[in-house]
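A.B. asks: Sharing a structure, written as structure tokens. Questions coming.
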Amino acid sequence: MSSKELRSTTVVRPRQMSVYFVAVVAAIGGLLFGYDTGVISGALLFLKGSFALNDTTQEIAVSVVLAGAIVGALGAGRVNDALGRKITLLLLAVIFTIGAILTAVAPNLLFFTACRILVGVGIGAAASVVPVYISEMSPPHLRGTLVTFNQLAITVGIAISYWVDLAFAHAGMGWPPMFATAAIPGVILFLGMLASPETPRWLASKGRWNDAKRVLEQMKGLDPENELIDIRSSLLLEQRRGGMRELFQPGLRTALMVGVGLAIFQQLVGINTVIYYAPIIFQKAGFASANNAILATSVVGVVNVFSTVVATFLLDKLGRRTLLLTGTGIIIVALVALGIVFASGSNQTSTLTLITLMVYIFAFAISMGPIFWLMSAEIFPTRLRAAGSSICSFSNWVANFLVSLTFLSLIHLLGSSFTFGLYAFMGLLALVFCWKFVPETNGRTLEQIEQYWNKKQKMA
Ligand code: BGC
């Protein structure tokens, strides 16, 4: 058969696209989440000078972004459902890019604060939209790995922000380029999302079955026929149900409790006391110079990235529960150890603190870190996925805000040992919660997970 004949008999298939490609593109939203939250740690030193910040205005400069994120998380569900995952991510890319440039040229604290709130809205929304997009594009056996790209990107974003801060600080260029740098991933996210498709599940939920089928055929490694059958049967089931209220009825109420519980415990074990305040912890532990404290922080950032890579490989092999329980157990031990190190007043405190924090970060990165975001995107049925995961994201940002805002005062009030002891106690509660309530979702399709809650509802 000549090549001309072959072409005329070949069915024209849409251009094939890899699920890895779309997951990596969407995860740039996670990178921006990490970068834009981490960048403040180094930038603060310079902002202090430019805007004559006192302690209170410093706290405001750090935490306004979290206030913005709370708003973003609240609005994300509606926008994501109404406009679709793709358009929402495109809009967020625009917010990140414009926000980065405006922040860099801020002439005063008020303008700076407004820009950080805007960027925070983007972060809060991206935190739930990215995992939802990736989970709806992934085949079940890769979903854990692919959604964890998001957490990996968050940690890479944090680590890059530490190093970029360090570089611009050394170059004597101050804070503006630190914030402006975020425009680069912002533009890449925009261009990448332009090339990526809408998710088949969202298209089908809007009755656009042909488009949904076309996307499923376009993605390498998906099984279009089976996926369509699954999506169709879960949507049929969904038509008989009623709105957001259902999230609070038996069955899905448990799903919501699992999501919100993980969201809150992820923060109550104190992760962002380390991410945002590590240089201060290291200084308390005896690192003499600020430079050494920042360097130690950057090392913690790198451990965070590599441990998340380990999690990416393990999640779909060992399952969510094994990692969650093991990791949370280690978190508790590390926090107790940290409390003891500070109480002992040993002359090795600085080294011991670095080692303990590395163990702590490793444990978080293989458990609470990725698994909360993963589960928030997979435990809710399609029609309530955007809403459910945005409630989880909202709870996470509120808890983050409260922990970050109270950390320094707690240290002042209780001392370092008791403060870390308190987070260890929260870790213990988290362990009991995970043991009792968090189901294994590994290897199940999103529709099978939905059936799991339906069964629970019948048993209730
Ligand atoms: C948390 C963030 C945290 C990051 C650290 C994420 O899962 O939601 O609050 O800063 O992990 O890697």
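Here, each number is a calculation from the coordinates, and none is a lab measurement. It should be emphasised that the depicted structure is a prediction, and the values quoted were computed from it without experimental measurement. A quick note on method: Cβ atoms are made from the backbone with ideal geometry, for glycine too, and the neighbour counts reach across all protein chains shown.
A.B. asks: Put +1 on the Cβ of each Lys and Arg and -1 on the Cβ of each Asp and Glu in segment 14-459; which of Asn210, Val398, Thr148 then has its Cα farthest toward the positive end of the dipole?
C.D. replies: Asn210
A.B. asks: Hey, another quick one. In debye to the nearest 20, how big a dipole does the chain give about its Cα centre with +1 on each Lys and Arg Cβ and -1 on each Asp and Glu Cβ?
C.D. replies: It comes to approximately 1020 debye.
A.B. asks: With unit charges on the beta carbon (Lys/Arg positive, Asp/Glu negative), name the residue among Gly286, Leu414, Gly270 whose Cα is farthest towards the positive pole of the charge dipole of the chain.
C.D. replies: Gly270
A.B. asks: Compute, for segment 143-299, the length of the dipole vector about the Cα centre, with Cβ point charges of +1 (Lys, Arg) and -1 (Asp, Glu) only. Units Debye, rounded to 20.
C.D. replies: Charge dipole, segment 143-299, about its Cα centre: 380 debye, nearest 20.
A.B. asks: Still on this structure, I have one more. Sort the following peptides by mean Cβ neighbour count (other Cβ atoms within 10 Å, averaged over residues), highest first: 331-339, 346-354, 385-393.
C.D. replies: Numbers: 331-339: 22.4, 346-354: 16.4, 385-393: 27.4.
The peptides rank, most packed first, as 385-393, 331-339, 346-354.
A.B. asks: Assuming R0 = 25 Å, what is the FRET efficiency of Trp435 and Ser409, from their Cβ-Cβ distance, to the nearest 0.05?
C.D. replies: 0.20
A.B. asks: If each DSSP helix of 4+ residues adds -39,500 (n - 2.57) and the sum is divided by the residues in the chain, what number results at 222 nm, nearest 500 deg cm²/dmol?
C.D. replies: Using -39500 (n - 2.57) per qualifying helix, the result is -28500 deg cm²/dmol.
A.B. asks: Using only the alpha carbons, work out the radius of gyration and Dmax of segment 282-325 in angstrom.
C.D. replies: Over segment 282-325's Cα set, Rg and Dmax evaluate to 15.4, 43 Å.
A.B. asks: Within segment 250-269, list the residues whose amide N lies under 18 Å from a label point set 7 Å along Cα→Cβ of Gln451.
C.D. replies: Correct set: 251-252.
A.B. asks: Starting from the Cα of Leu53, step 7 Å along the direction of its Cβ; do the same at Val187; then give the gap between the two resulting points in nm.
C.D. replies: 2.8
A.B. asks: Follow-up. Note down the nm distance, to one decimal, between modelled labels 7 Å out along Cα→Cβ at Val309 and at Arg321.
C.D. replies: Here the modelled spin labels are 3.1 nm apart.
A.B. asks: Distance between Cα centroids, segment 348-381 to segment 196-211: provide it in whole Å.
C.D. replies: Comparing the Cα centres of segment 348-381 and segment 196-211, I get a distance of 35 Å.
A.B. asks: Shifting gears a bit: Based on the Cβ-Cβ distance of Arg232 and Asp211, what FRET efficiency does E = 1/(1 + (r/R0)^6) give at R0 = 25 Å, to the nearest 0.05?
C.D. replies: Efficiency for this residue pair is about 0.95.
A.B. asks: Ok, one more. Report the one residue of Ala114, Gly221, Ile101 whose Cα lies farthest in the direction of the positive end of the charge dipole of segment 74-221 (charges on C-beta: Lys and Arg +1, Asp and Glu -1; origin at the Cα centre).
C.D. replies: Gly221
A.B. asks: While we're here: First obtain the Kirkwood hydrodynamic radius of segment 14-459 from its Cα pairs, then insert it into the Stokes-Einstein equation at 37 °C and 0.692 mPa s, and state the resulting D in µm² per second as a whole number.
C.D. replies: Numbers: Rh = 22.0 Å.
D = 149 µm²/s.
A.B. asks: Past 29 Å, Cα to Cα, is the threshold; run Lys220/Lys317; Lys284/Lys436; Lys48/Lys284; Lys317/Lys436; Lys317/Lys455 against it and keep the listed order.
C.D. replies: Working: Lys220/Lys317 21 Å; Lys284/Lys436 37 Å; Lys48/Lys284 21 Å; Lys317/Lys436 22 Å; Lys317/Lys455 26 Å.
Violating the 29 Å limit, Cα to Cα: Lys284/Lys436.
A.B. asks: Another question, if that's okay. With a Cα-only, solvent-free Debye model of segment 296-381, what are the log10 I(q)/I(0) values at q = 0.13 Å⁻¹?
C.D. replies: -0.46
A.B. asks: Treating only the Cβ atoms of Lys and Arg (+1) and Asp and Glu (-1) as charged, compute the dipole magnitude of segment 263-389 about its Cα centre; round to the nearest 20 debye.
C.D. replies: Using only the charged Cβ atoms, the result is roughly 240 debye.
A.B. asks: Starting from 0.36 nm per residue, how many nanometres of slack lie between Ala82 and Ile101 once their C-alpha separation is accounted for?
C.D. replies: 4.0 nm
A.B. asks: Between the helical axis of 140-170 and the dominant principal axis of the chain, each derived from Cα atoms, what acute angle in degrees is found, rounded to the nearest 10?
C.D. replies: For 140-170 against the chain, the angle is about 30 degrees.
A.B. asks: Within a 10 angstrom radius of the beta carbon, how do Tyr452, Tyr162 rank from fewest other beta carbons to most?
C.D. replies: Numbers: Tyr452 17, Tyr162 25.
Fewest-to-most Cβ neighbours within 10 Å comes out as Tyr452, Tyr162.
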